[in-house]
Amino acid sequence: MNKLDTALVSCALKEAGFTLTASVKEADVVLINTCSVREHAEQRVLSHLGHLKHIKKSRPDIIVGVIGCMAQRLGDKLLEHEAVNIVCGPTQIPQIADLLNQALKKNEKCLAVTEKIRTSSEDENQTLERFESAYGIEDKQIPSQAYVRVMRGCNNFCTYCIVPYVRGPESCRPPEVIIEQIKKLASQGVKKVTLLGQTVNSYKYKKGQKTYCLADLLDTASDIKGIKWIRFVTSYPSEEFFGEILQVMADSPKVCNFLHMPAQSGSDKILHAMNRHYTSHWYLELLAKARAAIPGIAIAGDFIVGFPGETEDDFQATVDLLKKARYRNSFIFKYSPRPGTTAEKRLQDTVPPEVKQKRIVKLLAAQEKISDELSRDFLHKEVKVLVEGLSKKSHRNIAGSSNNPQLVGRTETDYIVVFNGPMSLAGQFVKVKIIKTSPLTLFGELI
Ligand code: 5AD
Ligand code: SF4
């Protein structure tokens, strides 16, 4: 979500005459796009702002803007920070160029956030829609791939989560607008699109007699010439539309066999306290359905360890679930109370930091073992890879023509693949034979 917002903003600013610079030293304006999901992310922003405060001592004209969820969450409190000139929430990003020009001219502080985020207006939604349709086709970090938002906000209110309070209520974009955007992206050479939504599988749009669901979007997008891979994140464990989604995944070679469906915990008691509407048994059955429909489907998950009241037994249930689910990878976080959420208001953060730390290490190790076993299945096999470009990290001990640089790409099921090859392959599909594996990365030779 945030990468997409950054891309939209940088594109809008380019059109308004701004240019991107590589370092803060050269910049007249510094914008920080923020996430509020965990406290750690916010602390990093505050430390950046501390650094910018110093820079501003010698360069008082520099304009600093904070955009995104933290801006919405903290509003005028953030504006009080010495370094900050602009605070702009996710709903206000269409105003960003105007806000910057205003701040540059008058050197005044500007606040643009939504007062009652849960009742955001139709007007705001339309403005966001126009912004997204105009700029959602321009700025792509990797030219052959793009993100397309299909819905905004969330209505789920998991008790630990800040998203519904900073991104507002769920709102689905019209299917024809989404499809039009994908067509434009395809005409610019995009081959892989990722459809985005907090609970992307609950996408629903009523038009006349028909209700469109995610499966309809996937199906229609599959007919677009030039688009080769379509994926979607993140799915909430739910039966609604699941059969239809699996069906298009099975039928369309373009829909990637990949599901990111977080469980968050394996303990039914904790799942209930999190306001997640399923049990661990039911969740595992849902995964079994997916695997029956799509043999070889790769499944990724998220977990929170140390949620209030999580006992050793509850944690053990999470380890058991993770092992049974056999995720390709999991994102694992320590619980951090987010101000204003139900968990923060009603539940005590009972699990001590050192216990959270122990549990995260244990769960990560269990996942690493599974990821390693699953990657090993690829050894000596051929995989199809969409090449992204030069590998940022340099990996040693991989064979192949050493005259060529190390490239990096991804498989349909989102494995990172590193191999030597000419830069001209960026944006192309290639076949790679895997010669070495690690839990998350496959190493190979171009065929
Ligand atoms: N503490 C820790 N992790 C959290 N997540 C969301 N809220 C919190 C929180 N308060 C995690 C969930 C979610 C991912 C995006 O971040 O696992 O799926
Ligand atoms: Fe947060 Fe739950 Fe919504 Fe995901 S589904 S964004 S975890 S409230």
Counting only residues that are within 16 Å of ligand 1 (Cβ to nearest atom) and surrounded by fewer than 19 Cβ atoms within 10 Å (Cβ to Cβ), region 109-158 contains a total of 3
Exception for S238 within (1) within 16 Å of ligand 1 (Cβ to nearest atom); (2) closer than 30 Å to P308 by Cβ; (3) in contact with a strand residue (DSSP E or B) (Cβ under 9 Å, 6 or more places away or on another chain); (4) not in a helix (DSSP H, G or I) falls at (3)
Which residues, taken from region 324-339, are small (G, A, S) and touching a residue at least 40 places away in the same chain (Cβ under 8 Å)?
A325, S336
Regarding W229, is this residue away from ligand 2 (no atom under 16 Å from the Cβ) and crowded, with 19+ Cβ neighbours inside 10 Å?
yes
Considering only region 14-27, I want to know if a residue exists there that is within 20 Å of S336 (Cβ to Cβ) and either modelled with pLDDT of 95 or more or surrounded by 15 or more Cβ atoms within 10 Å (Cβ to Cβ) (or both).
no
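Can you go through L271, L259 and tell me which one is within 20 Å of L214 (Cβ to Cβ), of a type in the set (A, V, I, L, M, F, W, C) and either surrounded by fewer than 20 Cβ atoms within 10 Å (Cβ to Cβ) or out of contact with any Leu (no Cβ under 6 Å at 6 or more places or on another chain) (or both)?
Details: L271 fails: within 20 Å of L214 (Cβ to Cβ).
The conditions single out L259.
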Wholly inside region 325-418, strands (runs of 3 or more DSSP E) that include 2 or more residues that are within 16 Å of ligand 1 (Cβ to nearest atom) and either of a type outside the set (D, E) or surrounded by fewer than 18 Cβ atoms within 10 Å (Cβ to Cβ) (or both) are 329-334
Considering only region 305-316, I want to know if a residue exists there that is in a strand (DSSP E or B), modelled with pLDDT of 95 or more and surrounded by 15 or more Cβ atoms within 10 Å (Cβ to Cβ).
yes
Could you list, ordered by first residue, the pairs with Cβ atoms under 8 Å in which the first is in region 286-300 and in contact (Cβ under 8 Å) with a residue 40 or more places away in the chain and the second is of a type in the set (D, E) and surrounded by fewer than 16 Cβ atoms within 10 Å (Cβ to Cβ), at least 6 apart or interchain?
L286/E239
Given the options V351, V361, V418, V355, name the one that is β-branched (V, I, T), within 30 Å of E312 (Cβ to Cβ) and within 25 Å of the chain's Cα centre (by Cα).
V361
At least 1 residues that are away from ligand 2 (no atom under 16 Å from the Cβ) and in contact (Cβ under 8 Å) with a residue 60 or more places away in the chain in each: list the helices (runs of 4 or more DSSP H) lying fully within region 130-222 that qualify.
214-222
Only one of Y212, Y203 is aromatic (F, W, Y), under 22 Å from the mean Cα position of the chain (by Cα) and at pLDDT 95 or above, namely Y203
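Within region 36-64, work out how many residues are surrounded by 23 or more Cβ atoms within 10 Å (Cβ to Cβ) and away from ligand 2 (no atom under 16 Å from the Cβ).
Taking region 36-64 first, the residues surrounded by 23 or more Cβ atoms within 10 Å (Cβ to Cβ) are 36, 64.
Adding the requirement that they be away from ligand 2 (no atom under 16 Å from the Cβ) leaves 64.
Residues in region 36-64 being surrounded by 23 or more Cβ atoms within 10 Å (Cβ to Cβ) and away from ligand 2 (no atom under 16 Å from the Cβ): 1 in total.
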Taking only pairs six or more apart or across chains, which ones have beta-carbon atoms under 7 Å, a first residue in region 20-35 that is within 18 Å of K56 (Cα to Cα), and a second residue that is surrounded by fewer than 18 Cβ atoms within 10 Å (Cβ to Cβ) and polar (S, T, N, Q)?
A27/T21
Residue that is more than 20 Å from the chain's Cα centre (by Cα), within 16 Å of ligand 1 (Cβ to nearest atom), of a type in the set (G, A, S) and in a loop (DSSP other than H, G, I, E, B), where the choices are G226, G266
G266
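The values are calculated or read from the model by the stated rules, or taken from the named source; none is laboratory data. No experiment lies behind these values; they were computed from the predicted model shown. Methodologically, a virtual Cβ is constructed for each residue, glycine included, from the backbone with ideal geometry; neighbour enumeration extends over all protein chains shown.
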